[in-house]
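Just below is one structure, and these are the notes that go with it.
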Amino acid sequence: MYNKILETMTAEVRTSLQLERLRETVRYVTAHVPFYRTQFADRGLDADSLETLADLQKLPFTRKSDLREHYPFGLFAVPPQAAARIHASSGTSGKPTVVGYTEEDLADWSTAVARGLIAIGADKTDLLHNAYGYGLFTGGLGLHAGAEQLGMVVVPVSGGNTDRQITLIEDFQPRGICGTPSYMMHLAERMEERGLDPRTSSLRYGIFGAEPWSEELRQTLEEKWGIRAFDIYGLSEIMGPGVAMECQKQDGLHLMDDLFITEVIDPVTGEPMPEGQVGELVFTSLKKKALPIIRYRTGDLASVTTEPCACGRTTTRMSRVKGRTDDMLIIRGVNVFPSEIERVLLQQTGVSPHYQIHRIQRGGLEALELHIEADNEASPEDLKRAVCHAIKTECLISVNLVCHPPYGLPRSEGKAVRIIDRRMEPEKKFV
């Protein structure tokens, strides 16, 4: 373990540490962030209002819209000139969300990533091929700094230029790789096109995240590459990659309890969910100085457990991200997530892991058109029947299936685009 004291705390020690740091954080944001000072004053709250961790629920939520409304630096607790680094989202759905880090924040971030790398079995002598994007996106630099802190050699390839990535993997012989799972599938397919077998590469493990992915996709990646595939979770508003990461047991992602308090709430009512039940993840930072954040609603859906892990760590663990609140599809009253459809798809013989879900209108109601790729040997008609039956049985919805030949769907060099909204198009009859 990287830090046995922090990673094996008893529940009592964890609660005491989190409560102490929560009070410190509330005092800090009250003094340095006018947004929170006003929010707390309106509710008659201060650090002394927090007698137990349960009192965290008295504090208001922070939403992405709050960050955008106070763009660019309105929620910073330090002047932007005092920050060591600034990252931002792409802003494709509005103003970008801007996040800042002090030198202390960056040190905590890299340490969190290093702890996660140790947990999966990475070694300081390993060479890590980093295919996450660099720049304003936190993925590339976040993994890079944590790996370097551990003493690893990092190849900062970034995303894209797939043929060059393959050449560097062949030439440099890395033991680990990180990137999005969808790009890792694309990379494997490109290697096979060049007559190479991904299983014969030097890679022994992969660290994949930045998009929801299923256990079935993990199995596909592990079989195709001959590696162990580990999940990593993070979001820039809280820190970046390293908020949580799997260990070698692959039984949930270990959260950094000394850096964050994690809640799971009902996304509709905002009320806390019982342990083990899926709800929206909410994070409160406990040490951030540039952008401390209180009860941030992530939109990510998962569950948590405080049961100790078989690896020996006692930190809170979260499940895989099931999906996002804004990704949930409601078809004829049935709630379904893309990850559930992916799980069913990858259980079928003759289907590639590449797919798209098109949201369309049919008879004035929302329906789904599922685009998949068939293997060369698969009969499209047989595949349609099998997939439609499986989705109807497992997900309780009907879909219109469109079968494409191999490589008929676009590939992604970053986050895969799984959902295409075509509901404004004229209605198209099912065939």
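Taken together, the values in this text are just the output of simple stated rules run on the coordinates, not laboratory data. Note that the structure is predicted; figures quoted are calculated from it, not measured. Every residue, glycine as well, gets a Cβ built from its backbone with ideal geometry; the counts of neighbours run over all protein chains shown.
Peptide packing: for 346-356, 281-291, the average count of neighbouring Cβ atoms within 10 Å per residue gives the ranking 281-291, 346-356, highest mean first. Separation of region 50-116 from region 148-180 is 29 Å, based on Cα centroids. Start at zero, step by 10 Å, and the Cα-Cα distances of region 1-244 spread as 7, 26, 30, 22, 11, 3, 0 percent across the bins. Kirkwood radius, region 168-308, all distinct C-alpha pairs, inverse of mean reciprocal distance: 16.8 Å.
Sequentially through region 289-295, phi angles give Karplus couplings (6.51, -1.76, 1.60; θ = phi - 60°) of 10, 6, 10, x, 9, 10, 6 Hz, Gly and Pro residues having no value and appearing as x. Descending by average beta-carbon neighbour count within 10 Å, the peptides 9-19, 325-335 line up as 9-19, 325-335, the highest first. Using a cutoff of 8 angstrom between alpha carbon atoms and counting only pairs six or more residues apart, the relative contact order for region 355-431 works out to 45 percent.
Residues Lys384, Lys4, Lys124, arranged from fewest to most other Cβ atoms within 10 angstrom of their Cβ, appear as Lys4, Lys124, Lys384. Inverting the pair-averaged 1/r between distinct Cα atoms of region 270-372 gives 16.7 Å as its Kirkwood hydrodynamic radius. For region 181-215, applying the loop criterion from DSSP together with a ceiling of 14 other beta carbons within 10 Å to the trypsin sites (Lys or Arg not before Pro) yields Arg194. Between Asp251 and Ala107, residue separation times 0.36 nm minus the direct Cα-Cα distance comes to 49.1 nm.
Here the calculated FRET efficiency for Glu275 and Asn161, from their Cβ-Cβ distance with R0 = 30 Å, stands at 0.10, rounded to the nearest 0.05.
Normalising the average separation of contacting C-alpha pairs (under 8 angstrom, six or more residues apart) by the number of residues puts the relative contact order of the chain at 14 percent. Electrostatic bookkeeping for Leu59 treats Lys and Arg as +1 and Asp and Glu as -1; over the other residues with beta carbon under 15 Å from its beta carbon, the sum is 0.
Annotation: amide H-H contacts under 5 Å for Leu401 (H modelled 1.01 Å from N, sequence separation of 5 or more, or interchain): Leu370. When DSSP beta bridges are restricted to pairs lying wholly in the chain, around 65% turn out antiparallel.
With Cβ to Cβ distances under 15 Å as the rule, what net charge do the other residues near Asn161 carry (K, R +1; D, E -1)? That works out to 0.
Residue order for Thr102, Thr8, fewest other beta carbons within 10 angstrom first, comes to Thr8, Thr102. Legend: residue pairs Lys64/Lys287; Lys249/Lys287; Lys124/Lys415, Cα-Cα distance threshold 23 Å; pairs beyond threshold, Lys249/Lys287; Lys124/Lys415. Volume of the convex hull of region 84-181 (Cα atoms only), normalised per residue: 105 Å³.
Look at the Cα gyration tensor of region 296-345: its axes a ≥ b ≥ c give a/c of at least 1.5 with a/b over b/c, and that counts as prolate.
Mind checking the log10 I(q)/I(0) for the chain at q = 0.06, 0.12 Å⁻¹? Debye, one equal scatterer per Cα, no solvent, two decimals. Values, matching the q order: -0.26, -1.05. Our analysis of region 329-421 gives Rg over Rh at 0.94, with the two radii drawn from alpha carbon positions and Rh computed by the Kirkwood formula.
Taking the average, over residues, of other Cβ atoms within 10 Å as the packing measure, peptides 106-117, 56-67 rank 106-117, 56-67 from highest down.
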